[in-house]
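Here the structure comes first, spelled out in structure tokens, and everything after it is commentary.
The values are calculated or read from the model by the stated rules, or taken from the named source; none is laboratory data. Just so we're clear, the structure is a prediction, and the values are computed from it rather than from any experiment. Positions of Cβ are backbone-derived with ideal geometry, glycine not excepted, and every protein chain shown enters the neighbour counts.
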Amino acid sequence: MFLVGLTGGIASGKSTVSSQLRELGCPVIDADVVARKVVEPRTRAYQLIVQNFGQEVLLENGEIDRQKLGHIIFSNPEKRRVLNSITHPEIHRAMFHHILYYFIRGYRYVVLDVPLLFETRRLTQLMKHTVVVYCDPGTQLARLMQRDSLSQGEAEQRVAAQMPLSEKRGLARHVIENSGSREDTHRQVLRLHAALDRSMEYLPVRVIAVATVAGLAGLFLYTLKLLAS
Ligand SMILES: CC(C)(COP(=O)(O)OP(=O)(O)OC[C@H]1O[C@@H](n2cnc3c(N)ncnc32)[C@H](O)[C@@H]1O)[C@@H](O)C(=O)NCCC(=O)NCCS
Ligand SMILES: Nc1ncnc2c1ncn2[C@@H]1O[C@H](COP(=O)(O)OP(=O)(O)OP(=O)(O)O)[C@@H](O)[C@H]1O
């Protein structure tokens, strides 16, 4: 089995691409969904968030007020670092369990939709394929402002909280250009899907080498035995 890291910038179109991949039958693990699960009330991360950010980041029903916490961490790098240090280990652990589930079910590869993939070197090293969903800065800002009802300043702050998208594009093995229409993106997703299906990288090179040598040795011994009899 091999892992495919799908990443990009905030609102660059990762969810759009990952849902198209899901429709094609690919298993996808969405880090944003996992991140919501690991901070549910009574979890370890939840308790640490309340300890570090106070009761004021809770809604009346006791859940985390994501909007409020978002406003705090996107305008303060130190607070963002604290939240990341609480949530990221839990997110990675939960994602590992999801990967194991797909491995046991016999999937050849799994797509991990992780916004901060390249910001986490350890995670990047586990990926056989990396895919960046790119869109131009103007389109990214406009889509972010519209989707999350943010002012231009707030949207710019959120974009600035991540590695520049142009830099991520330079690090990726595959790039999906999502500044145009969804149909245009879908055509690229079909090509990516075909490339992943063709990829033989799930076969560990060492296993193939050992199997080949063992096969050749067996054939050699068998031939010797035939000649001797
Ligand atoms: C700040 C929180 C509460 C805001 O929640 P909200 O529901 O409004 O947004 P959501 O979780 O859907 O995230 C939207 C996007 O924001 C960006 N983003 C989220 N967290 C971060 C972060 N710590 N640093 C930079 N960008 C981030 C990502 O591009 C993500 O796709 C939430 O994002 C969070 O708990 N973040 C910390 C965990 C994390 O790093 N998640 C990203 C996946 S690894
Ligand atoms: N090709 C496209 N044409 C028009 N709108 C698009 C296109 N791709 C994405 N969008 C819209 O842009 C917004 C951001 O897209 P999406 O949610 O897929 O991004 P994302 O990278 O998953 O965002 P985030 O990381 O912030 O959760 C959404 O409102 C989506 O509907």
Residue ID - nearest to Asn84 (Cα to Cα), chosen from residues in the stretch 122-172 that are under 15 Å from the mean Cα position of the chain (by Cα) and free of Cβ contacts under 8 Å to residues at least 12 places away in the same chain: Arg122
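Mind checking whether some residue in the stretch 184-194 is more than 10 Å from ligand 2 (Cβ to nearest atom) and touching a Phe, Trp or Tyr at 6+ places or on another chain (Cβ under 8 Å)? Working first, answer last.
Just the residues of the stretch 184-194 that are more than 10 Å from ligand 2 (Cβ to nearest atom), to begin with: 187-194.
Now restrict to residues that are touching a Phe, Trp or Tyr at 6+ places or on another chain (Cβ under 8 Å): none.
No, because not a single residue in the stretch 184-194 is more than 10 Å from ligand 2 (Cβ to nearest atom) and touching a Phe, Trp or Tyr at 6+ places or on another chain (Cβ under 8 Å).
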Boolean, Pro115 is within 13 Å of Ala35 (Cα to Cα) and of a type outside the set (Lys, Arg): yes
Which listed residue is modelled with pLDDT of 95 or more, within 16 Å of ligand 2 (Cβ to nearest atom) and surrounded by fewer than 18 Cβ atoms within 10 Å (Cβ to Cβ), from Lys79, Lys37: Lys37
Test for Arg80: is it more than 12 Å from ligand 1 (Cβ to nearest atom), basic (Lys, Arg), more than 30 Å from Arg182 (Cβ to Cβ) and assigned to a helix (DSSP H, G or I): no
Residue selected from the stretch 83-109 under the condition within 27 Å of Tyr46 (Cβ to Cβ) and aliphatic (A, V, I, L, M), by the criterion farthest from ligand 1 (Cβ to nearest atom): Leu100
Close pairs from the stretch 47-68: first assigned by TED's automatic domain parsing to the domain that holds Leu83, partner at pLDDT 95 or above and acidic (Asp, Glu), Cβ under 7 Å, at least 6 apart: Val57/Asp65; Leu58/Asp65; Leu59/Asp65
Tabulated pairs, the stretch 92-121, first more than 16 Å from ligand 2 (Cβ to nearest atom), second at pLDDT 95 or above and charged (D, E, K, R), C-beta under 7 angstrom, 6+ apart or interchain: Ala94/Lys37
Residue that is surrounded by the most Cβ atoms within 10 Å (Cβ to Cβ) [pool: residues in the stretch 40-66 that are touching a helix residue (DSSP H, G or I) at 6+ places or on another chain (Cβ under 8 Å) and over 20 Å from Pro89 (Cα atoms)]: Val57
